[in-house]
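Report on the structure given below.
The values are calculated or read from the model by the stated rules, or taken from the named source; none is laboratory data. Computed from a predicted structure; not experimentally measured. All Cβ positions, glycine included, derive from the backbone under ideal geometry; neighbour counts span all protein chains shown. Just the protein is used for accessible areas: all its heavy atoms, side chains included, with ligands, DNA and RNA removed. Shrake-Rupley method; radii C 1.70, N 1.55, O 1.52, S 1.80 Å.
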Amino acid sequence: MSAAPAAGSGVTVREARAEELERLLAVHRAAFGSDEEAGLVRAILMDESAAPTLSLVAADGDDVLGHILFSRVRLGGDADGSILCPLAVMPEAQARGIGGALIREGLARLAAGNAGDDVRAVFVYGDPAYYGRFGFTAAIPQELPPPHPIPEAHLDAWMVRTPDGGALDVAGPVRCCDALDDPAYW
């Protein structure tokens, strides 16, 4: 797939390139104010159990303004899914629609089969008010529990949708890649 235009003049969404890794990590450090998410991105990209991954950037020329990473999850018996983790936008580029453009393009590419096998569900553990705008809904009521217990106050933050916005046809436990399989992240 070619680069897709994003919000903001000159900003496009495209696949991340291997030589951009340090710039991607810098986006996560700036957005989150720590090395934790940057370390997680590096770990997921190196984790064979995360493959296939979909790593997209929002760029303005050579400037990387945002990054999103989707990695493989296994659903129930043997169905494939993906998890959006993490999403970051440079602080000075936030509130310009860049995060939304990354999410929409990622979902479109997953729906088109650009991340390997047939992805039947996409998960995220995040702000329901934000991700709900993109069609994500609470996953637990849909019999899709997270890989590890999460605090009761955040149960609605474990969300799911299909890549194409259609009806879910899977249920059962979700197993994520080794890099994300740490109770500390949940």
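The convex hull defined by the C-alpha atoms of the chain has an orientation-averaged projected area of 9.8 nm². The mean accessible area for residues of segment 21-160, using a 1.4 Å probe and ignoring ligands and nucleic acids, is 42 Å² per residue. Within the shell of other residues whose beta carbon sits under 10 angstrom from the beta carbon of Phe134, the net charge comes to +3, with Lys and Arg scored +1 and Asp and Glu -1.
Under a Cβ-Cβ cut-off of 14 Å, what is the net charge of the residues other than Pro149 that fall near it, where Lys and Arg count +1 and Asp and Glu count -1? Summing Lys/Arg as +1 and Asp/Glu as -1 gives -3. When the solvent-accessible area of segment 1-152 is split by element, carbon and sulfur atoms take up 51 percent of it, the probe being 1.4 Å. Amide H to amide H, with H built 1.01 Å from N, Val11 comes under 5 Å of Ala6, counting only residues 5 or more places away or on other chains.
A simple charge model with +1 on the Cβ of Lys and Arg, -1 on the Cβ of Asp and Glu and nothing else charged puts the dipole of the chain at about 440 debye relative to its Cα centre. For segment 137-150, putting each phi into the Karplus relation 6.51 cos²θ - 1.76 cosθ + 1.60 with θ = phi - 60° gives couplings of 10, 3, 8, 4, x, 9, 6, 10, x, x, x, 9, x, 10 Hz, in residue order, rounded to whole numbers and with x for Gly and Pro.
The ratio of the alpha-carbon radius of gyration of segment 51-116 to the globular-protein estimate 2.2 N^0.38 Å is 1.20. Entry note: segment 109-160 has Rg to Rh equal to 1.01, where both radii use alpha-carbon atoms and Rh is the Kirkwood radius.
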